[in-house]
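Report on one structure; see the data block that follows.
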Amino acid sequence: MARRTFTPEFKRETAELVTIKGYSLSKACDCSGVGPTALKRWVGQLEAELAGQTPVTAKAITAEHIEIQRLKAEIEDLQLDNEILKKATALLASDFRNDKKLYRR
């Protein structure tokens, strides 16, 4: 049996059935077709995100935290690019110094 995947929007909307609309966990599971373990996890994640905590390992389910995760990933990529450029610059500078020494002799 293939593992089901759900969009962040679906997870948020399903968790909101419990947190905002006051559905019981079992009623929300019946309405959405999701198991109680997954729904408990999503409710906990939604509550944490609404309290301002961006998930580290899971994909965010609120728009604000999705954007935060996207920006953090972009920062990581830019930092990696900067490290590569620093190393390349140092390598080119060392080659330039070595070439300069060869021509002086």
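Remarks
- With Cα atoms, 0 to 90° folded angle of helix 36-50 axis to the chain main axis: 60
- Within a Gaussian network of the chain (alpha carbon springs, distance under 10 Å), most fluctuating of 77, 95, 30: 95
- Rounded tilt (10° steps) of 8-19 against the dominant C-alpha axis of the chain: 40
- Degrees separating the helix 63-104 axis from the principal Cα axis of the chain, which is the longest one: 10
- Inter-probe distance in nm under a simple model that places probes 7 Å from Cα toward Cβ, at residue 68 and residue 27: 3.1
- Loop trypsin sites (Lys or Arg not before Pro), region 1-46 (other Cβ atoms within 10 Å of the site Cβ: 13 or fewer; DSSP): 3, 4, 21
- log10 of Debye I(q)/I(0), alpha-carbon scatterers only, for region 32-87 at 0.22, 0.23, 0.24, 0.25 Å⁻¹: -0.83, -0.87, -0.91, -0.94
- Over the chain, dividing the summed -39,500 (n - 2.57) contributions of all DSSP H runs of at least 4 residues by the number of residues returns a 222 nm mean residue ellipticity of -25000 deg cm²/dmol.
- For region 1-85, the fraction of 1.4 Å probe accessible surface lying on carbon and sulfur atoms is 56 percent.
- HN-Hα J in Hz across region 23-32 - Karplus 6.51, -1.76, 1.60, θ = phi - 60°, x for Gly and Pro: 5, 6, 4, 5, 5, 5, 5, 5, 5, 9
- Rolling a 1.4 Å probe across the protein heavy atoms gives the chain an accessible surface of 79 Å² per residue.
- Cα lying deepest toward the dipole's positive end in the chain, options 25, 84, 51, charges on Cβ: 84
- Rounded to two decimals, the Cα radius of gyration of the chain over 2.2 N^0.38 Å is 1.90.
- Taken about its Cα centre, the chain carries a charge dipole of roughly 640 debye when the Cβ of each Lys and Arg holds +1 and the Cβ of each Asp and Glu holds -1.
- Evaluated over the chain, the count of Lys pairs having alpha-carbon atoms less than 24 Å apart is 16 (only pairs 8 or more residues apart or interchain).
The values are calculated or read from the model by the stated rules, or taken from the named source; none is laboratory data. Because the structure is predicted, anything quoted here is derived from the model rather than measured. All Cβ positions, glycine included, derive from the backbone under ideal geometry; neighbour counts span all protein chains shown. Calculation scope for accessible area: heavy atoms of the full protein, side chains included, ligands and nucleic acids excluded. Shrake-Rupley method; radii C 1.70, N 1.55, O 1.52, S 1.80 Å.
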